[in-house]
Amino acid sequence: MKRANATSPAPSWPDIDFAAFNAGYREFPELKLATDISRVGFPKGYFATARIRRLLARAFDHMARLEAGEKVNRDELDDQGRPGRMVGHYWLRAPELAPKDKPEIAEAIRATLTSVKRFARSVHGGRLTGQRGRFKNVMVIGIGGSALGPQFVARALGKVKTDKLRPWFFDNTDPDGMDHVLDQIGRDAASLGVTLCVVISKSGTTPETKNGLEEAKAVYAAAGLDFGRHAVAITQVGSQLDREADQNGWLGRFPMWDWVGGRTSETSAVGLLPAALQGIDIDALLAGAAACDRLTRRPDAATNPAAILALVWYFCGRGHGARDMVVIPYKDRLELFSRYLQQLIMESLGKELDATNRRVVNQGLSVYGNKGSTDQHAYVQQLREGLNNFFALFIEALRDREGPSLVVAPKLGATSGDFLSGFLLGTRRALKEKNRASMTLTVDEVSPFTVGVLIALFERAVGLYASFVGINAYHQPGVEAGKKAATKVLEIQQAVLHFFATQAGAKRGRKATAKEIAKAIGYPDAAETVFKICQRLSVNRGRGVRRVGGTTPADIEFAPEGTGRT
Ligand code: PA5
């Protein structure tokens, strides 16, 4: 091997600023976590300024009131239809902290955990089986907060060789997406008869989930199976889904409560049941979340990682999300974390009204990212040299893999994991050289405990940050708006289908432009919507619509399917 001779300069790669790193790095051994804010660019003494101290005091007070059961989600109704909801996801891992004057809450949390475990044991032990034997697959049907957490945890903690059940997801109303899942599971009785469907919807009425359920029921029926013998529901007591499960003798029903939001439901039955069925250690996950909650209740920013994180968001985004957060975990198992965080953070913080319903500067914090080093071959070029409109959040997991690693580059004595780490350290440095801010979170390994820590850490950071900027993090009026708009589109589509199916269309085979159809069906201002509806229907056989000539939305014509050109 060639060595540097006496005349070559000594190899040099000086640290950017070791003293700053030393000051910005903090370990939290009880969480197997460390934070490093040395590359954020905080001015000296930032945490101690009067303004930040005031913000923190208010946020800690708010969190204390929230955890004590105050109805801080003022804009939604509770399960009795009264205004205001409690926000209780922290009780899920410490039921003893639930409001003492409502002992039924702690009882319900404990009883649900017991029944989740009992149910999973019965499945694993073969006491509860499908019509074709022991369950081998678990298929979650849900969306948003009723899917993203379970998906993240399944990917982070699953082990193909030892998983007790293999996880699958229907997380959208895309027919082709569902076909793709079913093609992998198999549509025959032998495959579906060992597949347990966990249908999750807090409201019990979400259309995407309802459609997934209907599609699942249809394939089970086609295979000659009784769907109810392969299904459980997780939903609010008395919801439409709950009633369906009850009336059709499903294998189980697990509760969701009005005081747990979808995006903070990972430590309720929503996350715990799929994880337990997969064989994941849910006690360790809950222990991680509980340990993080205990530590992040500390009303001291410097020693509270959730407060540190929230202050990084506040500082980097100048209190109004001026910079995006790019989440880059250098670990394949965490690749769905940024998607999970995207919902947790953006649905919670993306608000136009403040907590008292006054208009604020539109708030939010944009989140994207995938995983390192993959992302270095995608958008890191722009992060380093292009628009400086972001800060990076690196996530490092120290343990490479369970067993020993192969040396893949013998000259360097380096393993694949060494390269992964090298790329992380290199990218952090490369960003710093160009004055791009970043924070690093380090976990010992990706384990049920540390995944629980990460979930609780970001949940609390969201709560604290929401208080800094004065918004309600626990409602989602924008999501409701999208749902209402979709319903309207489907109403218009119904009218379009009717138009083509009735005399005016079918018999005469008359062709018409979107504008003409819109007028004829009584939606004269909705020509664009009508055009988009007809355009899609016309490429899906059997939907009764055919596209006839034309090149622009104004002159393209549609006619009933099956009629000749007119
Ligand atoms: O976080 C939320 O509240 C939403 O993303 C919901 O989880 C999502 O809309 C699904 O709702 P539901 O669980 O009622 O089907």
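The values are calculated or read from the model by the stated rules, or taken from the named source; none is laboratory data. Because the structure is predicted, anything quoted here is derived from the model rather than measured. Heads up, the Cβs are rebuilt from the backbone with ideal geometry, glycines too, and the neighbour counts pull from every protein chain shown. Remember, those area values only see protein heavy atoms, side chains included, never the ligands or the DNA or RNA. Shrake-Rupley method; radii C 1.70, N 1.55, O 1.52, S 1.80 Å.
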Exercise for the section: Can you give me the number of residues within region 293-350 that are in contact (Cβ under 8 Å) with a residue 60 or more places away in the chain and among the acidic types (Asp, Glu)? Expected result: 4
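Quick check on residue 205: is it open to solvent by 40 Å² or more (accessible area, probe 1.4 Å), within 16 Å of the ligand (Cβ to nearest atom) and polar (S, T, N, Q)?
Values: open to solvent by 40 Å² or more (accessible area, probe 1.4 Å): yes; within 16 Å of the ligand (Cβ to nearest atom): yes; polar (S, T, N, Q): yes.
Taking the combined requirement at face value, the residue satisfies it.
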Handout entry: Residue check for residue 429: part of a helix (DSSP H, G or I), out of contact with any strand residue (DSSP E or B) (no Cβ under 6 Å at 6 or more places or on another chain) and modelled with pLDDT under 95
Key = yes
Exercise for the section: Output the qualifying pairs, or none if there are none: Cβ atoms under 7 angstrom, residues six or more apart or on different chains, first residue in region 162-183 and in contact (Cβ under 8 Å) with a residue 12 or more places away in the chain and farther than 21 Å from residue 340 by Cα, second residue open to solvent by 70 Å² or more (accessible area, probe 1.4 Å) and not polar (S, T, N, Q). Expected result: 165/136
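If you go through region 322-345 one residue at a time, how many are polar (S, T, N, Q) and within 19 Å of residue 396 (Cβ to Cβ)? Lay out the reasoning, then the answer.
Initial filter on region 322-345 (polar (S, T, N, Q)): 338, 342-343.
The next check asks that each one be within 19 Å of residue 396 (Cβ to Cβ); those that pass are 338.
Summing the residues that are polar (S, T, N, Q) and within 19 Å of residue 396 (Cβ to Cβ) in region 322-345 gives 1.
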Problem - Residue, farthest from residue 261 (Cα to Cα), within region 339-364, restricted to residues that are crowded, with 18+ Cβ neighbours inside 10 Å and away from the ligand (no atom under 16 Å from the Cβ) - result: 363
Practice task
Give the residues of region 404-429 that are over 13 Å from residue 334 (Cβ atoms) and surrounded by 16 or more Cβ atoms within 10 Å (Cβ to Cβ), sorted by residue number.
Solution key: 415, 417, 418, 421, 423, 427, 428
Problem - Matching option when the condition is more than 15 Å from the ligand (Cβ to nearest atom) and either at pLDDT 95 or above or among the aromatic types (Phe, Trp, Tyr) (or both), among 165, 213 - result: 165
Exercise for the section: Among the residues of region 116-150, write down those that are assigned to a helix (DSSP H, G or I), in contact with a strand residue (DSSP E or B) (Cβ under 6 Å, 6 or more places away or on another chain) and within 16 Å of the ligand (Cβ to nearest atom). Expected result: 146, 150
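Give 462, 443 a once-over and let me know the one that is away from the ligand (no atom under 16 Å from the Cβ), buried (at least 23 other Cβ atoms within 10 Å of the Cβ) and at pLDDT 95 or above. Quick ask: steps written out before the conclusion?
Values: 462 fails: away from the ligand (no atom under 16 Å from the Cβ).
On inspection, the qualifying residue turns out to be 443.
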Problem - Spans of helices (runs of 4 or more DSSP H) in region 208-325 with at least 2 residues farther than 30 Å from residue 390 by Cα - result: 240-247, 269-278, 282-296
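Can you give me the number of residues within region 105-128 that are in contact with a Gly (Cβ under 9 Å, 6 or more places away or on another chain) and closer than 14 Å to residue 231 by Cα? It would help to see each step written out before you state the result.
We begin by selecting, within region 105-128, every residue in contact with a Gly (Cβ under 9 Å, 6 or more places away or on another chain); these are 105, 109, 115, 119-120, 124, 126, 128.
Then drop every residue that is not closer than 14 Å to residue 231 by Cα, which leaves 119-120, 128.
Here the count works out to 3.
Working only within region 234-267, note down all residues that are small (Gly, Ala, Ser) and either more than 23 Å from residue 152 (Cα to Cα) or away from the ligand (no atom under 11 Å from the Cβ) (or both).
Residues of region 234-267 small (Gly, Ala, Ser): 238-239, 245, 249, 252, 261-262, 265.
Within region 234-267, 238, 239, 245, 249, 252 qualify.
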Exercise for the section: Quickly run through region 323-365 and pick out the residues that are modelled with pLDDT under 95 and of a type in the set (A, V, I, L, M, F, W, C). Expected result: 353, 355, 360, 361
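This table checks each residue for (1) surrounded by fewer than 19 Cβ atoms within 10 Å (Cβ to Cβ); (2) touching a Lys or Arg at 6+ places or on another chain (Cβ under 7 Å).
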| residue | (1), (2) |
| --- | --- |
| 106 | yes, no |
| 109 | no, no |
| 113 | no, no |
| 123 | no, no |
| 129 | yes, no |
| 136 | yes, yes |
| 154 | no, no |
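If I go through region 188-202 residue by residue, how many of them are surrounded by 15 or more Cβ atoms within 10 Å (Cβ to Cβ) and more than 11 Å from the ligand (Cβ to nearest atom)? Before the answer, list the steps.
Narrowing region 188-202 to residues surrounded by 15 or more Cβ atoms within 10 Å (Cβ to Cβ): 189, 191-202.
Imposing the further condition that a residue be more than 11 Å from the ligand (Cβ to nearest atom) reduces the set to 189, 191-198.
Selection size over region 188-202: 9.
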Fill in the blank from the handout: Pairs returned, first residue in region 203-227 that is under 19 Å from residue 246 (Cα atoms), second residue that is among the basic types (Lys, Arg) and open to solvent by 20 Å² or more (accessible area, probe 1.4 Å), beta-carbon separation under 6 angstrom, 6 or more apart or interchain, are 227/217
